[in-house]
Amino acid sequence: MINEPQNPAGPLANIRVCDFSGILAGAGATKFLAAFGAEVIRIEDPVRQGRWDMIRGRPPYVDERSGINLGGGWNNHNVGKLGVTINLKHERGKALAWRLIETCSVLTENFAAGVLDRLGFSYQAVTRVRPEMIYATNCGFGHTGPYSTYKSMGPIAQAASGLTFASGLPDQEPAGYGYSYMDHTAAYYMAMAIMMAIHYRNRTGEGQYVDVAATEAGAVLHGAAVLDYTVNRRPQRRHGMPDANHSHSPAMAPHNIYPCIGDDNWIAIACRNDVDWLALKNEVGTSWVNDAGFDTLTERLARETELDALMASWTQGFDKIELSDRLQSAALPAAPVRKPGERIDGDANTSDWGLWPSVQHTEMGEVRVDGIPAHLSKTDWQMRKASPCLGEDNDYVFGELLGLSDRDIDALREDGAI
């Protein structure tokens, strides 16, 4: 059944979430809550067909079809949720939203700061109706401070937090990230913050306001760099730094990504100490590896560029998986650099873990989605329900949960309120 609970025995099965959030930063957080049993009701705008969430209806698609319900990214981030449409700029739509809020104990949103306030659903207004509500927000710069009015997407948060500046190759401009890393990371922080607020309410009966800032979530990932600067006065970008593939703390050599047979195939190798170096020498077995100038870590670091070139000349003659298995058998840290398809379809450990569960979507059919990279022995997550098509659960939520008749729902639809 389409309205069958996602995880009826989950630890959050008594939680109902009024979910105004979307894109990645908000939708990713409520996906976690749904997987552990919360009933998450995702509210979308019927006028724009849910497109305030820019991922709604966009590729990738599972086949040649496209459309508002067929976007792979949106479906992945909204698995396990119920979906309703409410026009928040319509008076009857607003009244309906208030009826829904009255039945929920958590409200989530990740509009730009102030948007939900202007629509009439501020924290103060909501808690007058539901004093115990956990009201969780997530935006680029948070709701306080001099940057609170700035708008942001994941790459902006990455740049403002310093992550973009910290990435790249020596003596080149910052490289940044190829996708919205901080949208995902901010979602994890949002989910954790909501869980802490639920724990507090379980103890005290009191709800609270939760304010997550994606830029601050990025800033706390800089612990080592901040310490290095404040204590040692060493800036993160200096000659030879950052150096993405070499280990400086602790120092190791060789420590890099090296080419293997085939198109864009690579292996990661980490030589932690001189004991590892002796084991690696035995595996390499060529004349250069016995060079007296490589015997100690100090010598290898001094000639690291030359050593990397020699390692690459050796690894490029091997299959990356076969060489990785061989080096691991010699107790050396090594791993093939997995391409996405290899990681999803060709990794036995990932398959055994169950990281890509399948769900049955109303229009797309059976699709795989991202699972959660943690298992709990007593209260594990489940993903049984696919993401909702636009307004798919209107009749269930407005009818069975809120008690409206079919005639009432039809009238709301005809009036443009849903």
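The values are calculated or read from the model by the stated rules, or taken from the named source; none is laboratory data. These numbers come from a predicted model, not from an experiment. Methodologically, a virtual Cβ is constructed for each residue, glycine included, from the backbone with ideal geometry; neighbour enumeration extends over all protein chains shown.
Descriptive notes on the structure:
- Residue match in segment 94-101 (condition: assigned to a loop (DSSP other than H, G, I, E, B), over 18 Å from the mean Cα position of the chain (by Cα) and closer than 28 Å to Lys151 by Cα): no
- Summed over segment 311-332, the residues that are in a helix (DSSP H, G or I), over 23 Å from Arg300 (Cα atoms) and not polar (S, T, N, Q) give a count of 4.
- Helices (runs of 4 or more DSSP H) lying entirely in segment 141-251 (those with 2 or more residues that are closer than 30 Å to Val129 by Cβ and under 24 Å from the mean Cα position of the chain (by Cα)): 181-204, 214-219
- Which listed residue, of Tyr189, Tyr147, Tyr200, is at pLDDT 90 or above, over 30 Å from Ile257 (Cα atoms) and surrounded by 18 or more Cβ atoms within 10 Å (Cβ to Cβ): Tyr189
- Taking the criterion of being surrounded by 15 or more Cβ atoms within 10 Å (Cβ to Cβ), without any contact (Cβ under 8 Å) to a residue 60 or more places away in the chain and more than 17 Å from Ala270 (Cβ to Cβ), the only residue of segment 228-251 that qualifies is Asp228.
- So Asn87, is it within 30 Å of Arg368 (Cβ to Cβ) and not aromatic (Phe, Trp, Tyr): no
- The sole residue among Gly73, Gly67, Gly80 that is within 17 Å of Gly26 (Cα to Cα), surrounded by fewer than 21 Cβ atoms within 10 Å (Cβ to Cβ) and not hydrophobic (A, V, I, L, M, F, W, C) is Gly73.
- Test: residue in segment 112-135 that is basic (Lys, Arg), in a loop (DSSP other than H, G, I, E, B), surrounded by 15 or more Cβ atoms within 10 Å (Cβ to Cβ) and modelled with pLDDT of 95 or more: yes
- Answer residue from segment 274-312, given it is under 37 Å from the mean Cα position of the chain (by Cα) and of a type outside the set (A, V, I, L, M, F, W, C) and is nearest to Arg338 (Cα to Cα) among those: Asp308
- Verdict on Gly57 being within 22 Å of the chain's Cα centre (by Cα), in a loop (DSSP other than H, G, I, E, B) and at negative phi: no
- Subset of segment 96-129 (residues that are hydroxyl-bearing (Ser, Thr, Tyr) and more than 20 Å from Asn202 (Cβ to Cβ)): Ser122, Tyr123
- Note on segment 265-304: residues that are part of a loop (DSSP other than H, G, I, E, B) and either touching a His at 6+ places or on another chain (Cβ under 9 Å) or touching a residue at least 12 places away in the same chain (Cβ under 8 Å) (or both) amount to 7.
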